[in-house]
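Q: One structure, as structure tokens, below. Some questions next.
The values are calculated or read from the model by the stated rules, or taken from the named source; none is laboratory data. As the structure is a computational prediction, the values presented were derived from the model and not from experiment. With ideal geometry, Cβ positions are generated from the backbone for all residues, glycine too; neighbour counts draw on all protein chains shown. Please note that ligands, DNA and RNA were not included when accessible areas were found on the heavy atoms of the full protein model with its side chains. Shrake-Rupley method; radii C 1.70, N 1.55, O 1.52, S 1.80 Å.
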Amino acid sequence: MIPQYYKEMLSHKSVIRQISEYGAARAAEVGAENVFDYSLGNPSVPAPAAFTAEMQRLLAEAEPVALHGYSPSLGIAAVRAAVAKSLAGRFGLPYETRHIFMTSGAAGAIAHALRAVCEPGDEVVTFAPCFPEYGPYVAGAGLRLRYAACLPDFQPDLDSLAAQITPKTAAVLINTPNNPTGAVYSLESMRGLAALLRQKSAELGRPVYLISDEPYREILFEGVTAVYPASLYKDTLTCYSFSKSLSLPGERIGYLAVCPGCEGEKLLVDVCGQISRGTGHNCPPSIIQLAVAKVLEATADLGVYETNMRLLYDELTALGFECPRPGGTFYIFPKALEEDAVAFCERAKRYDLLLVPSDSFGCKGYFRMAYCTGTDKVRRSLPALRALAESYR
Ligand code: PLP
């Protein structure tokens, strides 16, 4: 029998993916250049030349077993050591090899983090609006996801978080810089969050873990700086991905970093290795681990996202859309021009403008634009955006 749980998921497929598939079909009809597809967060800028060069060098020079053999179950030791050294240098925490577990992107890291610190039946709290896949990630681990609210500027609402923490709360899952809002949590917000988690942990007599999902860590605009959450709260599992910073989403590479001093520090990475055994999710490919280890502090040319953000923010606000200015990522999250964001995004399709309604992000009345596309395309989409706004006048 196919489990009912998965059968039910078939009627709640990813809205983002569905719109992106519609975009591909529409592009085949009218030409890709005429479809303004802001659905999927699939980076368009090339991976850094240093990554490509390292891949070529490895293919030409490395031993076949090193390149194509099984990776150790926690990741290649030299790669884990390089990640630990880089994190220690950047954030001043004494990371060592033993704190790092290599994963298939942030998705793989979150899947392990949830299982490593929660018992089935436990609760996890996140802030809405949030990345829609948190729903299946959390439910798939046998856990319940609860939503705390954000403030109007999309900073976390800590009173709301406090109200959502119950005796069953095992972890709080955050994402800064944030998909879908583009908000970067301020130092003040993060200090408040850390203080609240310390207080709740003391009340509950056990840690409430922080799972910090950070695929957009490097994509910051206009001098905004991001706090490294683990530096404020020791019981943090950092989930990182090279999908966005190095433009490598298809390579499925990232890591989980256990904060030095974290409760369970000695066991957590080994436990992740056992979780992999249980889920059949083994380490990412050896060659990709080796290649990223050489470019840990490089990024793709991320400047295009800031240019795109400015173009869109200026146009959207001039047209009367309400939205906080994104501090990072490649997303913007304006209020729709009617209450029903689904109807609003349907109407946008008339102009071949593909926007994602906010409902699957856990809030109503907004839409998300993923502007990880070429600036020329963004410019050419502005008349469609104007026509859409005009249609509401
Ligand atoms: N978390 C957030 C907030 C994301 O936006 C994404 C992907 O878009 C992921 C996790 C998953 O990333 P990865 O490709 O590294 O698995």
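Q: Would you check if Cys283 is outside any helix (DSSP H, G or I), among the hydrophobic types (A, V, I, L, M, F, W, C) and touching a strand residue (DSSP E or B) at 6+ places or on another chain (Cβ under 6 Å)?
A: Numbers: outside any helix (DSSP H, G or I): yes; among the hydrophobic types (A, V, I, L, M, F, W, C): yes; touching a strand residue (DSSP E or B) at 6+ places or on another chain (Cβ under 6 Å): yes.
The answer is yes for Cys283.
Q: Please specify each residue of segment 184-214 satisfying the condition of being under 20 Å from the mean Cα position of the chain (by Cα) and either open to solvent by 10 Å² or more (accessible area, probe 1.4 Å) or β-branched (Val, Ile, Thr) (or both).
A: Val184, Ser186, Leu187, Ser189, Tyr209, Ile211
Q: Mind checking whether some residue in segment 164-181 is small (Gly, Ala, Ser) and under 14 Å from Cys363 (Cβ atoms)? Lay out the reasoning, then the answer.
A: Step one: of segment 164-181, the residues small (Gly, Ala, Ser) are 170-171.
From the residues that got through so far, the ones that are under 14 Å from Cys363 (Cβ atoms) too are none.
No, there is no match, as no residue in segment 164-181 is small (Gly, Ala, Ser) and under 14 Å from Cys363 (Cβ atoms).
Q: So the check is Cβ under 6 Å with 6+ separation or different chains; which pairs have a first residue in segment 249-264 that's within 22 Å of Ser73 (Cβ to Cβ) and a second one that's open to solvent by 20 Å² or more (accessible area, probe 1.4 Å) and of a type in the set (A, V, I, L, M)?
A: As it stands, the answer is Pro260/Leu93, since those pairs meet every condition given.
Q: Which condition from (1) in contact (Cβ under 8 Å) with a residue 40 or more places away in the chain; (2) open to solvent by 30 Å² or more (accessible area, probe 1.4 Å); (3) in contact with a helix residue (DSSP H, G or I) (Cβ under 7 Å, 6 or more places away or on another chain) is the one that Glu119 breaks?
A: It fails just one condition, (3).
Q: Restricted to segment 338-359, and to residues that are crowded, with 20+ Cβ neighbours inside 10 Å and not in a strand (DSSP E or B), which residue is nearest to the chain's Cα centre (by Cα)?
A: So the residue we want is Ser358.
Q: Hey, which of the helices (runs of 4 or more DSSP H) in segment 114-226, taking only ones fully inside, have at least 3 residues that are away from the ligand (no atom under 15 Å from the Cβ)?
A: Details: elements: 134-140, 158-164, 187-204.
Correct list: 158-164, 187-204.
Q: Ok, one more. Taking segment 272-312 only, how many residues are farther than 15 Å from Gly328 by Cβ and basic (Lys, Arg)?
A: Looking only at segment 272-312, we keep the residues that are farther than 15 Å from Gly328 by Cβ, and these are 272-298, 301, 311.
Then keep just the ones that are basic (Lys, Arg); that gives 277, 294.
Adding up the residues that qualify gives 2.
Q: Continuing with the same structure: Output the number of the condition that Val79 fails; it satisfies all remaining conditions of (1) within 16 Å of the ligand (Cβ to nearest atom); (2) surrounded by 18 or more Cβ atoms within 10 Å (Cβ to Cβ); (3) assigned to a helix (DSSP H, G or I).
A: (1)
Q: Pairs under 7 Å by beta carbon, first residue within 19 Å of Val124 (Cβ to Cβ) in segment 185-197, partner part of a helix (DSSP H, G or I) and of a type in the set (Gly, Ala, Ser), six or more apart or different chains?
A: Once the first residue is within 19 Å of Val124 (Cβ to Cβ) and sits in segment 185-197, its partners that are part of a helix (DSSP H, G or I) and of a type in the set (Gly, Ala, Ser) give Leu196/Ala162.
Q: When Arg393 is evaluated against the numbered criteria (1) open to solvent by 30 Å² or more (accessible area, probe 1.4 Å); (2) in contact (Cβ under 8 Å) with a residue 40 or more places away in the chain; (3) assigned to a loop (DSSP other than H, G, I, E, B), which criterion, by number, is the only one it fails?
A: Among (1) open to solvent by 30 Å² or more (accessible area, probe 1.4 Å); (2) in contact (Cβ under 8 Å) with a residue 40 or more places away in the chain; (3) assigned to a loop (DSSP other than H, G, I, E, B), Arg393 violates only (2).
Q: Now for a different question. Please find, among Thr373, Thr299, Thr317, the residue that is β-branched (Val, Ile, Thr) and part of a helix (DSSP H, G or I).
A: Values: Thr373 fails: part of a helix (DSSP H, G or I); Thr299 fails: part of a helix (DSSP H, G or I).
Unique residue meeting the criteria: Thr317.
Q: Something else about it: What residue, among those in segment 249-259 that are outside any strand (DSSP E or B) and open to solvent by less than 10 Å² (accessible area, probe 1.4 Å), is farthest from the ligand (Cβ to nearest atom)? Before the answer, list the steps.
A: Initial filter on segment 249-259 (outside any strand (DSSP E or B)): 249-253, 259.
Of the ones still in play, those that are also open to solvent by less than 10 Å² (accessible area, probe 1.4 Å) are 253, 259.
Values: Ile253: 8, Cys259: 19 Å.
Looking at the filtered set, the residue picked out is Cys259.
Q: Sort out which residues of segment 192-242 are closer than 16 Å to Glu263 by Cβ and among the acidic types (Asp, Glu), and write them in order of number.
A: To start, the set of residues in segment 192-242 that are closer than 16 Å to Glu263 by Cβ comprises 194, 197-212, 229-230, 232-238.
Listed by number, the residues that qualify are Glu203, Asp235.
Q: Which residues, counting only those in segment 55-75, are assigned to a loop (DSSP other than H, G, I, E, B) and under 18 Å from Thr103 (Cα atoms)? Can you show your working first?
A: Narrowing segment 55-75 to residues assigned to a loop (DSSP other than H, G, I, E, B): 62-63, 69-75.
Listed by number, the residues that qualify are Gly69, Tyr70, Ser71, Pro72, Ser73, Leu74, Gly75.
Q: Residues of segment 95-111 being under 20 Å from Glu133 (Cα atoms) and either open to solvent by 10 Å² or more (accessible area, probe 1.4 Å) or away from the ligand (no atom under 12 Å from the Cβ) (or both), which ones? Before you say what the answer is, go through the steps one by one.
A: Quick first cut of segment 95-111, residues under 20 Å from Glu133 (Cα atoms) only: 103-111.
Of everything in segment 95-111, those that are under 20 Å from Glu133 (Cα atoms) and either open to solvent by 10 Å² or more (accessible area, probe 1.4 Å) or away from the ligand (no atom under 12 Å from the Cβ) (or both) turn out to be Ser104, Ala106, Ala107, Ala111.
Q: While we're on this one: Give the residues of segment 1-60 that are within 18 Å of Pro132 (Cα to Cα), open to solvent by 70 Å² or more (accessible area, probe 1.4 Å) and of a type outside the set (S, T, N, Q), sorted by residue number.
A: Matches in segment 1-60: Tyr5, Tyr6, Glu8, Met9, Leu10, His12, Lys13, Arg17, Glu21.
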